[in-house]
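A.B. asks: Before I ask anything, here is the structure I am working with.
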Amino acid sequence: MKYLTTDQVRNMWLKFFEEKDHNIEESASLIPNNDPSLLWINAGVAPLKKYFEGSIIPKNPRIVNAQKCLRTNDIDNVGMTARHQTFFEMLGNFSIGDYFRDEIIPWALELLTDDKWFGMNKDKLYFTVYPNDNETFEAWKKIGIDESHIIRTEYNFWEIGEGPCGPCTEIFYDRGKEYGDIDISYIRDDIENDRYIEIWNIVFSQFNSKPGLSRNQYPELPSKNIDTGMGLERTTCIIQDAETNFETDTFLTIMKNIEKLTNIQYTGQMSFKVIADHLRTVVFAVSDGAVLSNEGRGYVLRRLLRRAVKHGKALGIEKPFLYNLIDSVISSMGNYYTYLSDNKNLIVKIIRLEEEKFFETLSQGEKILEEIINTNDSKELSGKQAFTLYDTYGFPLELTVEMALENGFTVDEDGFRLEMKKQKERARSARKNSISMKNQNESFLEFKEQDNFTGYTSLKEDTVILKSFPEGVVLQNTPFYAESGGQVADKGIIIFGEEKYRVIDVNKLPNGQFIHLLENNNLLDGEKVTAVVDEDNRNLTMYNHSATHLLFAALREIIGEHVSQQGSNVSSEAMRFDFNNYNNLDDETLLKIEKLVNDKIKDKIPVVVSEQTVEAAKTMGAIAEFGEKYGDKVRVVNMDYTIDLCGGTHVTNTGFIDKFAIASIESKGSGIYRISGHANKAIENIRKQFVGFHNEMDKLMKKITKILDESRQRGIPLSFEFTRNKKIIGSYQDIINIRQEFAHLTNMARDLDKEYKELLRVKTLENLDEMLVQAIDNKLVLKLENIDKNSLKPLADRLMDKLPNGFVFIANIVGEKITFIAKSNCSLHAGDIVKQAAIITGGNGGGRPDMAQAGGRDTSKINQALEKIKELIR
């Protein structure tokens, strides 16, 4: 077997299948596009799910790729085993309803054993098949594989939930006795080992899994598929005869640079492996637009980087160092992933800042750990304390144990692992299954006749129904835009004779046709109809869409070129745009962005739309839409200020947008932020978002009016001036002004209420002498009205000060409610007496001998209650 570099193995794979008429699909970003079931792209098939589900049919049903993947379900195993990695590449070849078992099996053997390709020894290969999959068993035999090398195993069936599934066949390479004196029972029993290495899994996706059915009852899929995966690193490890994946060429480049930093020779140490693996992961993820944070995928990256730093400390590195190793990742991977060099400065900046922050965090963690040790008499740190240090402060368990031992403490490591388990369970339950597929719709898949979209130049078409489905119709020519690229579908009607059918939505079928979803569809194939798009709705959508392109360009100019699109949605009512950044944007930055967009609108730039080849578009500097795949020809929207690949509808001149306003910005987690905004007449929709603000301001004004009315009635002078801003919102500055106005009014209402209560308390206490003259034998019973409840207790205290060895009882009536307060510094029990008054007036309460409070509801019996109190205190 000849020696091949990692790049050569990858290129050889792509070239082999390209010669078998496959299209090479570029690796998707590690950040999934419009797939909430995935935190990261974690398998080669993940970005191709739409093809396997049948929601889209690719132009070429034969696809080959080398897909970047990120898995973090077993981080702690990285460095401990020969093959565990968080970042890896999955080589895949796929057939969407084209070739099947009879083609892929001979191809697999050719690629693996032919001297033109990998040149492996056929006798070192073993093949597993599902027990009742006789077709695959015979297919391997047919091309010369001895039966002793074909193993039937129960685990060779690929199935995840409802949807496409099927048997699979795995290919193992025998590395020889030096990697274990074991036999092929280890393959049959699926036991992890270092001798028999799985290098390729071929899935025959031919059945449709359904709940309640056994596997032998699953119906066959209308479109059978091939889905395969070969781990690039483990295959390269075998070809290069390396002991583990970490001794292959791409890893060794990083290892040599770690040696220079540490002056320690690499001999297989775990810390070297962890640093190299985790650094690769963070470099690729950041380059794809991920941001380190405390949640979601950002938290995953932060944890990986901190784990790498911790292993750097184990090698004696006491300062930020990972950013100095980025060149070695680019050197080892940059020949194929050329964009790494373009993003180098950004990657270095983010990783260096994160390292510096973590070293500060480590210092904080050490101080907190010292505090726990100094205030703990049990001589053991609980699992929860150790986990809090780990989870909140990034303090590794090993360091906690080490410091604890130095101070004569132990750590409840079992308790720590229990907390870790709880966290993993929470994370698992928060995510859906990773690669679940939807059911295929056979009638949609089989419909091949093509329609024609005329909506770029026409909003009305006399046309014919090509096909009527229960859900809706496909038209021969349609002016309706189907939802795609973030732009929602057009609205409108389809007219047949005197009947008008409202178009609820327009979607793309697997073969690309536009299906118009209708209410109560009873139209038939071949009927002549008129399709009419709602012009106002289309225009408003265009204004918002073109404004979105200007917004993206403004973000790149003002924040930085690292900003990339992470999703968007454009309709007639609004636009929203998701992008990555280190932190949220302040009001000043948002105002600059909004102004720049409006300046480009005022410049009345002509918008030129053209069809170009992908290469020509890239030469022009065109920017692709997030997650979109493009054919040989692409639609280029050139606004001069920004050039973008986009299939949506746009204005012909930026001046038609008229005006743009940012409505809000919010964090979506993991370093992703969302700007919402409106263009043209849609700006009026911003007011709907601020109905709550205005309602709250109305409540505040009512509260203020009530305070002013009460203060006038009680002769307490208060002054208040405030003018409501009734301006209609038309810009982000107006939104800032409203928020500031609301905050100002809130503070004014609070201060006014505080001032009024203080003046009321002072006024209440001014009349002490008039009240005290009613005392008999140092016992005072008062009936008051409309005294502020917060003034009653201070009043009772002041009266009590004037009555040594006395008793004070106050009944205060406010509306239909009565409050009783009693204070005693004599033998009378305040609690018992106040309770009697409460009972008479239909209330309740009581308290201590020296102080008590109660309430009453029947004001008609207040005098009866007071007479009873006077009787009790005589």
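The values are calculated or read from the model by the stated rules, or taken from the named source; none is laboratory data. Given the structure is predicted, the values throughout are model-derived calculations rather than measurements. Every residue, glycine among them, receives a Cβ derived from its backbone with ideal geometry; neighbour counts consider all protein chains shown. In case anyone asks, the SASA skips ligands and DNA or RNA and just uses the protein heavy atoms, side chains included. Shrake-Rupley method; radii C 1.70, N 1.55, O 1.52, S 1.80 Å.
A.B. asks: For the stretch 304-346, which positions are β-branched (V, I, T) and either in contact with a Pro (Cβ under 6 Å, 6 or more places away or on another chain) or without any contact (Cβ under 8 Å) to a residue 60 or more places away in the chain (or both)?
C.D. replies: Matches in the stretch 304-346: V309, I317, I326, I330, T338.
A.B. asks: Suppose we filter the stretch 580-627 for residues that are part of a loop (DSSP other than H, G, I, E, B), within 30 Å of L353 (Cβ to Cβ) and open to solvent by less than 30 Å² (accessible area, probe 1.4 Å); how many remain?
C.D. replies: Qualifying residue count for the region: 3.
A.B. asks: Among the strands (runs of 3 or more DSSP E) lying completely within the stretch 777-874, list those that include at least 3 residues that are open to solvent by less than 40 Å² (accessible area, probe 1.4 Å).
C.D. replies: Strands (runs of 3 or more DSSP E) meeting the threshold: 779-785, 807-814, 817-824, 851-856.
A.B. asks: Report, ordered by the first and then the second residue, all pairs with beta carbons closer than 9 Å, sequence separation of six or more or different chains, a first member in the stretch 604-619 that is within 9 Å of T652 (Cα to Cα), and a second member that is open to solvent by 100 Å² or more (accessible area, probe 1.4 Å) and among the hydroxyl-bearing types (S, T, Y).
C.D. replies: If the second residue must be open to solvent by 100 Å² or more (accessible area, probe 1.4 Å) and among the hydroxyl-bearing types (S, T, Y), the pairs left are V609/Y456.
A.B. asks: If I ask for residues that are open to solvent by 20 Å² or more (accessible area, probe 1.4 Å) and of a type in the set (A, V, I, L, M, F, W, C), which ones from the stretch 45-83 would you list?
C.D. replies: Listed by number, the residues that qualify are I56, I57, M80.
A.B. asks: Now for a separate question. Looking at (1) touching a Phe, Trp or Tyr at 6+ places or on another chain (Cβ under 7 Å); (2) open to solvent by less than 20 Å² (accessible area, probe 1.4 Å); (3) more than 21 Å from R538 (Cα to Cα); (4) not in a helix (DSSP H, G or I), find the lone condition where L718 falls short.
C.D. replies: (2)
A.B. asks: Can you list residue pairs whose Cβ atoms sit under 7 Å apart, with the first residue in the stretch 373-395 being at negative phi and the second being assigned to a helix (DSSP H, G or I) and among the aromatic types (F, W, Y)? Count only pairs 6 or more apart in sequence or on different chains.
C.D. replies: G383/F416; A386/F416; F387/F416
A.B. asks: Among the residues of the stretch 488-547, write down those that are of a type in the set (G, A, S) and either on the phi < 0 side of the Ramachandran plot or surrounded by fewer than 16 Cβ atoms within 10 Å (Cβ to Cβ) (or both).
C.D. replies: A489, G497, G512, G526, A531, S546, A547
A.B. asks: So, one more: What do you reckon, is V570 in contact (Cβ under 8 Å) with a residue 40 or more places away in the chain, within 24 Å of the chain's Cα centre (by Cα) and open to solvent by less than 10 Å² (accessible area, probe 1.4 Å)?
C.D. replies: It is true that V570 is in contact (Cβ under 8 Å) with a residue 40 or more places away in the chain, within 24 Å of the chain's Cα centre (by Cα) and open to solvent by less than 10 Å² (accessible area, probe 1.4 Å).
A.B. asks: From G567, G526, which residue is more than 28 Å from A679 (Cβ to Cβ), small (G, A, S) and out of contact with any helix residue (DSSP H, G or I) (no Cβ under 9 Å at 6 or more places or on another chain)?
C.D. replies: Result: G526 is the single residue among G567, G526 that is more than 28 Å from A679 (Cβ to Cβ), small (G, A, S) and out of contact with any helix residue (DSSP H, G or I) (no Cβ under 9 Å at 6 or more places or on another chain).
A.B. asks: Filter the stretch 460-492 for residues that are basic (K, R) and assigned to a strand (DSSP E or B); which is nearest to G567 (Cα to Cα)?
C.D. replies: In this case the residue turns out to be K460.
A.B. asks: Mind checking which residues of the stretch 355-365 are of a type outside the set (V, I, T) and either open to solvent by 10 Å² or more (accessible area, probe 1.4 Å) or closer than 13 Å to K319 by Cβ (or both)?
C.D. replies: The answer is E355, E356, K357, F358, F359, E360, L362, S363, Q364.
A.B. asks: Would you please name the residue that is most open to solvent (accessible area, probe 1.4 Å), looking only at residues in the stretch 378-420 that are basic (K, R) and more than 23 Å from L305 (Cβ to Cβ)?
C.D. replies: K384
A.B. asks: Restricting to the stretch 635-664, count the residues that are part of a loop (DSSP other than H, G, I, E, B) and not aromatic (F, W, Y).
C.D. replies: Of the residues in the stretch 635-664, 12 are part of a loop (DSSP other than H, G, I, E, B) and not aromatic (F, W, Y).
A.B. asks: State all residues of the stretch 427-456 that are open to solvent by 40 Å² or more (accessible area, probe 1.4 Å), more than 30 Å from T72 (Cα to Cα) and either of a type in the set (A, V, I, L, M) or at pLDDT below 95 (or both); if no residue qualifies, say none.
C.D. replies: N441, E442, S443, E446, K448, E449, Q450
A.B. asks: If you don't mind, another one. Name the residue, out of L760, L745, that is open to solvent by less than 30 Å² (accessible area, probe 1.4 Å), of a type in the set (A, V, I, L, M), closer than 26 Å to F722 by Cα and in contact with an Asp or Glu (Cβ under 6 Å, 6 or more places away or on another chain).
C.D. replies: L760
A.B. asks: Now a separate question. Give the residue, chosen from E110, E89, that is among the acidic types (D, E), at pLDDT 95 or above and touching a strand residue (DSSP E or B) at 6+ places or on another chain (Cβ under 8 Å).
C.D. replies: Being among the acidic types (D, E), at pLDDT 95 or above and touching a strand residue (DSSP E or B) at 6+ places or on another chain (Cβ under 8 Å) holds for just one of E110, E89, which is E89.
A.B. asks: Looking at (1) in a helix (DSSP H, G or I); (2) at pLDDT below 90; (3) not β-branched (V, I, T), which is the one condition that is false for A290?
C.D. replies: Evaluating A290 over (1) in a helix (DSSP H, G or I); (2) at pLDDT below 90; (3) not β-branched (V, I, T) leaves (1) as the failure.
A.B. asks: What strands (runs of 3 or more DSSP E) lie completely within the stretch 508-570 and have 3 or more residues being over 27 Å from N33 (Cα atoms)?
C.D. replies: So the answer is 528-533.
A.B. asks: Residue under question is F87, and the condition is that it be buried (at least 22 other Cβ atoms within 10 Å of the Cβ), touching a residue at least 24 places away in the same chain (Cβ under 8 Å) and more than 26 Å from the chain's Cα centre (by Cα); does it hold?
C.D. replies: Answer is no for this residue.
A.B. asks: Would you pick out the residues in the stretch 260-280 that are in contact with an Asp or Glu (Cβ under 7 Å, 6 or more places away or on another chain) and either touching a residue at least 12 places away in the same chain (Cβ under 8 Å) or open to solvent by less than 50 Å² (accessible area, probe 1.4 Å) (or both)?
C.D. replies: Y266
A.B. asks: Could I ask something else about it? Only one of G166, G161 is among the small types (G, A, S), in contact (Cβ under 8 Å) with a residue 12 or more places away in the chain and open to solvent by less than 40 Å² (accessible area, probe 1.4 Å); which?
C.D. replies: Sole residue among the options that is among the small types (G, A, S), in contact (Cβ under 8 Å) with a residue 12 or more places away in the chain and open to solvent by less than 40 Å² (accessible area, probe 1.4 Å): G166.
A.B. asks: Something else: Just to verify a result, which residue in the stretch 726-742, among those that are β-branched (V, I, T) and open to solvent by less than 80 Å² (accessible area, probe 1.4 Å), is farthest from D586 (Cα to Cα)?
C.D. replies: For the stretch 726-742, the residue satisfying everything is I729.
A.B. asks: Let me ask you something else. Looking at the stretch 209-226, which of its residues are open to solvent by 20 Å² or more (accessible area, probe 1.4 Å) and within 31 Å of the chain's Cα centre (by Cα)?
C.D. replies: Listed by number, the residues that qualify are K210, P211.
A.B. asks: Among what's in the stretch 169-196 and is among the basic types (K, R) and open to solvent by 70 Å² or more (accessible area, probe 1.4 Å), pick the residue that is farthest from F94 (Cα to Cα).
C.D. replies: This residue is K177.
A.B. asks: Kindly indicate the residue of the stretch 683-723 that is among the polar types (S, T, N, Q) and more than 13 Å from H744 (Cα to Cα) and also modelled with the lowest pLDDT among those meeting that condition.
C.D. replies: It comes out as Q689.
A.B. asks: Oh, and also: Does S824 count as closer than 24 Å to L760 by Cα, among the hydroxyl-bearing types (S, T, Y) and touching a residue at least 12 places away in the same chain (Cβ under 8 Å)?
C.D. replies: no
A.B. asks: Of the residues that make up the stretch 356-368, is at least one closer than 28 Å to I41 by Cβ and assigned to a helix (DSSP H, G or I)?
C.D. replies: There is at least one residue in the stretch 356-368 that is closer than 28 Å to I41 by Cβ and assigned to a helix (DSSP H, G or I).
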